[in-house]
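The values are calculated or read from the model by the stated rules, or taken from the named source; none is laboratory data. Since we're looking at a predicted model, the values are computed, not measured. With ideal geometry, Cβ positions are generated from the backbone for all residues, glycine too; neighbour counts draw on all protein chains shown.
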């Protein structure tokens, strides 16, 4: 099993999760993070660190977000690793309140 970053991360891109990851499995895109399923060791540390609750165990991903499992795997192959916490975008708190924003994902 792996962990999956879902739609809630889009345009929020908090990186608290990156700081606690013992294996550096996060990858950074223009406006979202994903988890490389080949690197994730299922430690669960990132889940509690995400301030917008965007990370789920693969088996617990909400039905309407299941396609993010495949999306994380695909994007992890092309996005670069992120290994240090960065400041969130200035408007991240506002974007955290928005529910449907997959159409804003920049690949």
Just checking, how many residues over region 7-16 are in contact with a helix residue (DSSP H, G or I) (Cβ under 7 Å, 6 or more places away or on another chain) and closer than 9 Å to residue 33 by Cα?
-> 3
Just for helices (runs of 4 or more DSSP H) wholly inside region 43-107: which have at least 2 residues that are in contact (Cβ under 8 Å) with a residue 12 or more places away in the chain, buried (at least 16 other Cβ atoms within 10 Å of the Cβ) and out of contact with any helix residue (DSSP H, G or I) (no Cβ under 9 Å at 6 or more places or on another chain)?
-> 67-76
Determine if region 19-28 includes at least one residue that is touching a helix residue (DSSP H, G or I) at 6+ places or on another chain (Cβ under 9 Å), in a helix (DSSP H, G or I) and in contact (Cβ under 8 Å) with a residue 12 or more places away in the chain.
-> yes
Condition met for residue 23 (crowded, with 19+ Cβ neighbours inside 10 Å, modelled with pLDDT of 95 or more and on the phi < 0 side of the Ramachandran plot) = no
